[in-house]
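Working notes, structure below.
What follows draws every value from the coordinates through simple rules; no lab data is involved. Treat the numbers as computed from the prediction; the structure is a model and nothing was measured. Counting neighbours? That spans all protein chains shown, and the Cβs are built from the backbone with ideal geometry, glycine included.
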Amino acid sequence: MKVRTRIAPSPTGEDLHIGNAYTALINYVFAKKNKGSFIIRIEDTDRSRLVEGSENRILSSLKWLGIHHDEGPFRQSERLNLYKRHAEELVAKGHAYYCVCTPDRLNEMRKKQEVNHQPPMYDGRCRELKLTNGSTIRLKVPKSGTTTFHDVIRGDIQFENKLIDDQVIIKSDGYPTYHLGVVVDDHLMEISHIIRGEEWISSTPKHILLYQFFGWTLPVYAHMPLLRNPDKSKLSKRKNPVWVSWFREQGFLPEAIRNYLATLAWAHPDGKEIFSTEEMIRVFNLESIQTTAPVFDTEKLKWMNGKYLKEEYVVEYYKDKYSKEKIKLIWPLVKERMKLLSEFESLAGFFFIRPPKKEIRKEVRDALGSCEWNHDVMEKAIRSVTGKEAKDAFMELRVAVTGKTVGPPLLESLEILGREETLARL
Ligand code: GLU
C-alpha cells in the first residue's frame with residue numbers, strides 16, 4: 001500500500017492553529033518515513049464560517065514551518081458536483097434520503113415524539129424530491145447495532161448506532177457537510193492513513209458507515225491527543241497564543257517549533273531532546289504516540305528555540321534595521337542570553353540607540369579617556385581608580401552606557417561601541 005496522508009484544514013480561523021501545525025507535522029513525518037505523499041486539502045464547505053484570507057495564511061504558515069506538501073492544495077468548494085453525485089448514489093442505494101424539513105421542524109417533531117430515530121421522511125411530511133433550494137440529504141443511520149473501528153494509537157473504539165442521528169450530508173445550500181466531504185475526498189485522493197486530532201473521534205463512526213455504504217476500503221485511523229495549556233485546560237486562543245504567525249513574529253524558529261512539537265506525545269527512541277525533522281523521519285513510529293494530552297509550554301519552546309538560534313538568522317531578521325557587520329560583532333556577547341530573535345533588540349538595542357545621558361564619576365571617565373581600548377586594560381584602569389567602589393562604578397557605567405542595569409558583558413560591549421561613542425554617552 002502506498003502511504004498517503006493529508007491535513008484538511010478549514011479556513012475558518014485567523015491562521016494555522018498550532019494544534020493543526022502539530023497534526024500536519026505528524027502527517028508529514030509519517031508520509032516521508034514511508035516514502036509516501038503528504039497532501040493538503042482545504043475544507044471550505046462551511047460558507048458561513050469562512051474567514052477572508054485564512055486559506056492563504058494557513059498555506060504560508062505551513063510553508064514557513066517547513067512542512068511541505070506533495071499534492072494540493074485541493075479545495076472542496078471546487079468539487080461540489082462530486083459530493084452531490086455521491087450523495088445521490090447513496091439515495092439510490094437506500095442509504096440516504098431527501099428531506100425538506102428545517103432543523104427547527106425536525107426538533108419540534110422529535111419533541112412531540114412524532115419521530116424518534118425514525119428518518120423524518122417516514123412520517124409522511126418529508127417526501128423524496130429532487131434536491132432543490134431548502135432541501136437537504138440525510139444519511140440513513142441504522143437504528144440498532146454498533147459501529148466499531150480500530151485506531152492505531154487507541155485500539156478498538158465502539159459506538160452504538162442508536163445514538164447517532166441521521167446526519168445531513170448535503171446542506172440546503174448544495175454544499176456537502178464535513179462528513180460527506182471528508183469521506184469522498186479521502187477515498188478519491190487515496191488517503192491511506194487518517195491522522196487527526198482526537199476531537200474527530202466521535203465523527204469517525206459516521207465516516208465508517210459512509211465507507212461501508214459506498215463499499216469502499218477503510219483507511220487506517222490514528223487520533224492524536226489534543227494539546228493543553230499548562231493549567232491542563234484545552235489549548236485555546238482565549239488563554240494563549242495559538243496562531244503560527246504569532247510564533248513567527250516573536251522570533252521563534254521553524255526548526256525549533258518542529259522539534260518541540262515532535263517531543264509532545266512522542267519520544268525519540270534514544271531519549272534525545274534536540275533533534276532535526278530529518279532525524280525524526282528516520283526513527284518515527286506512529287504506534288508509539290501517547291494518548292495522554294500533552295502540555296504545550298511556550299517557555300519550554302523558548303528554551304529549545306535558544307538552542308537553534310544562529311548569527312545568520314539574527315542578521316536576516318534585522319536586515320532592514322541593523323548592519324550585518326555590527327550584528328556579527330555583537331552576536332558573541334548576546335548569544336547565550338537570547339532565546340528569541342526578538343530579544344536581540346532588548347539586549348543589544350543600546351549599541352544602536354543612545355540612552356538618556358547620565359553623569360558618572362569623573363575618575364572613571366578620565367580612565368576611559370586615556371587607556372588602551374581593550375576590555376582587560378579598561379577593567380584594570382577602572383579598578384585602579386575606584387578601588388573598593390569598583391562594583392558600584394561598573395554599575396554606574398553600565399547604566400550610563402546601556403540605559404539598563406543588566407545586559408551583555410559591559411567592557412566587551414564598550415570595546416565594540418568604541419571610545420568616541422562611549423565617552424559621548426558619559
Ligand atoms: N476540516 C477538518 C478540520 O478543520 C478536518 C478534520 C479531519 O482531519 O478529518 O480540521
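Details
- Debye intensity ratio in log₁₀ form over the Cα atoms of the stretch 153-215, taken at each q of 0.11, 0.22, 0.26, 0.30 Å⁻¹: -0.27, -1.09, -1.39, -1.50
- Placing dummy labels 7 Å off each Cα toward the beta-carbon, the span from Ser203 to Asn81 is 2.6 nm.
- Membrane-span-like helices in the chain, defined purely by DSSP H runs whose alpha carbon atoms cover 30 Å or more axially and whose average Kyte-Doolittle hydropathy reaches 1.6, do not occur.
- Label-reachable residues, the stretch 391-409, where backbone N falls under 16 Å from a point 7 Å from Arg337's Cα toward its Cβ: 394-409
- Here the chain is assigned +1 on the Cβ of each Lys and Arg and -1 on the Cβ of each Asp and Glu. Its dipole about the Cα centre then comes out at about 580 debye.
- Value at 222 nm in deg cm²/dmol, rounded to 500, when DSSP H runs of n ≥ 4 in the chain each add -39,500 (n - 2.57): -12500 deg cm²/dmol
- Along each principal axis, Cα extent of the stretch 282-333, largest first, Å: 49, 26, 21
- Across the alpha-carbon atoms of the stretch 371-426, the computed radius of gyration and Dmax are 10.5, 27 angstrom.
- The Cα trace of the stretch 223-266 gives Rg and Dmax of 11.4, 31 Å, the first to one decimal, the second as a whole number.
- For the peptides 301-309, 235-243, the ranking by mean Cβ contacts within 10 Å, running from highest to lowest, is 301-309, 235-243.
- Here the gap between Lys232 and Lys33, fully extended at 0.36 nm per residue and compared with their Cα-Cα distance, gives a gain of 68.5 nm.
- Farthest positive-ward along the chain dipole, Cα basis, beta-carbon charges - from Trp246, Tyr317, Thr146: Thr146
- For the chain, projected area of the alpha-carbon convex hull averaged over all directions, nm²: 27.1
- Separation of the stretch 203-247 from the stretch 302-362 is 40 Å, based on Cα centroids.
- For Met224, distant residues with modelled amide H under 5 Å away: Arg196, Gly197, Glu198
- Cα gyration tensor, the stretch 229-322 - rounded (a/c under 1.5), prolate or oblate: oblate
- The count of lysine pairs in the stretch 355-426 that are at least 8 places apart or cross chains, and whose C-alpha atoms lie under 14 Å apart, stands at 4.
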